[in-house]
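Everything below concerns the one structure shown next.
Read-outs: derived from the displayed coordinates by stated rules, not from any lab. Please read all numbers here as calculations on a predicted model, not as lab measurements. With ideal geometry, Cβ positions are generated from the backbone for all residues, glycine too; neighbour counts draw on all protein chains shown.
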Amino acid sequence: GPRLAFAARLSVTLARRRPALVVLWFASPTYGVLTALQCRAAAVPWLVVAGGADVANRPGIGFGDARRTWRRRGVSLVLEGARDVWAFSVAAAAEIRAISPSAAVRVVPPVVDTPFFRRQDSAREPLVLSACARVAPLTLRQKGIDRLMAVARIRPALAFVVVGQVE
């Protein structure tokens with residue numbers, strides 16, 4: 001399958017290229033574990049950038065890899081062995097520390113392109129846009145779209161648009 005093909009390509013790349021560092025975007029319990037195990041075997045350090053579903057534990061809304069024991073163990077393996085773990089936010093760092101207390105966690109927020117995201121002409125209609133790949137009953141809660149809809153009801157002057165595939 002695709003995971004075995006990925007593991008084979010990664011193994012060859014690590015052996016041939018000997019990178020100084022491998023960056024993992026998310027501590028996923030699947031590809032992240034495969035990458036961490038191969039990096040460990042090849043003595044190549046890795047950095048994990050995390051802070052979403054990979055480290056979340058929100059059973060009330062059915063969200064997060066850390067809410068299932070086997071997935072949490074996989075995520076922990078990825079985090080524990082990392083040279084560094086960069087969390088998207090203070091809240092994400094707390095989620096990471098709950099899974100892996102000894103991980104070397106630092107908060108490194110995503111960069112914002114301030115020239116691009118600058119205040120717009122006030123003549124524009126106020127708009128709140130939310131993008132979600134799949135809009136389904138479960139993702140309404142997971143992605144906070146239900147809360148966005150509640151705000152829309154009390155702020156009729158704002159236009160609210162949700163972009164995504166409705167299921």
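Can you give the FRET efficiency to the nearest 0.05 for Leu129 and Asn57, using r as the Cβ-Cβ distance and R₀ = 30 Å? Kindly include the intermediate steps, with their values, before the conclusion.
Numbers: r = 28 Å, r/R0 = 0.94.
Approximately 0.60, to the nearest 0.05.
For q = 0.26, 0.32 Å⁻¹, what log10 I(q)/I(0) does segment 1-48 give under the Debye formula with an equal point scatterer on each alpha carbon and no solvent?
-0.99, -1.34
Note down the net charge around Gly52, summing +1 for each Lys or Arg and -1 for each Asp or Glu among other residues with Cβ under 10 Å from its Cβ. Don't jump to the answer; show the numbers that get you there.
Values: positive: none; negative: Asp54, Asp65, Glu95.
Summing Lys and Arg as +1 and Asp and Glu as -1 gives -3.
Within the chain, what percent of beta bridges assigned by DSSP are antiparallel, to the nearest 5? Mind dumping the intermediate values first?
Values: 1 of 19 bridges.
For the chain, the DSSP antiparallel bridge percentage is about 5.
Mind giving me the FRET efficiency for Arg83 and Leu138? R0 is 25 Å, r the Cβ-Cβ distance, nearest 0.05 is fine.
Working: r = 35 Å, r/R0 = 1.40.
That gives a FRET efficiency of 0.10.
Given the peptides 25-33, 87-95, 71-79, 37-45, arrange them by the average over their residues of other C-beta atoms within 10 Å, most packed first.
Numbers: 25-33: 20.1, 87-95: 17.3, 71-79: 22.0, 37-45: 15.0.
Those peptides, ordered most packed to least, come out 71-79, 25-33, 87-95, 37-45.
How big is the charge dipole of segment 40-140 about its Cα centre, in debye rounded to the nearest 20, if each Lys and Arg gets +1 on its Cβ and each Asp and Glu gets -1 on its Cβ? Show your work: numbers first, answer last.
Working: 14 positive and 8 negative charges, 65 e Å.
Rounded to the nearest 20 debye, it is 320 debye.
Need one word for segment 48-92: rounded, prolate or oblate. Basis is the Cα gyration tensor (sqrt eigenvalues a ≥ b ≥ c); a/c below 1.5 gives rounded, then a/b vs b/c decides. Don't jump to the answer; show the numbers that get you there.
Working: a/c = 3.32, a/b = 1.32, b/c = 2.52.
Cα axes put segment 48-92 in the oblate bin.
Quick one: length gained pulling Ala20 to Arg67 fully straight, 0.36 nm per residue minus the C-alpha distance? Display every interim value, and only then the final one.
Working: separation 47, 0.36 × 47 = 16.92 nm, distance 3.28 nm.
Taking 0.36 nm per residue and subtracting the Cα distance, the gain is 13.6 nm.
Looking only at segment 1-88, where both bridge partners belong to it, what percent of the DSSP beta bridges are antiparallel (to the nearest 5)?
Values: 1 of 9 bridges.
Looking only at bridges with both residues in segment 1-88, the antiparallel portion is about 10 percent.
Direction-averaged shadow area of the convex hull around the Cα atoms of the chain, nm²? Working shown, then result.
On the way: hull surface 51.6 nm².
One quarter of the hull surface, i.e. the mean projection, equals 12.9 nm².
Provide the FRET efficiency to the nearest 0.05 for the Val151-Ala104 pair, computing r from the beta carbons and using R0 = 45 Å.
Given R0 = 45 Å and the Cβ-Cβ separation, E is 0.75.
As I understand it, the dipole of the chain uses +1 on the Cβ of Lys and Arg and -1 on the Cβ of Asp and Glu, about the Cα centre. Which of Phe6, Val161, Ala66 lies farthest toward its positive end?
My answer, from the dipole projection, is Phe6.
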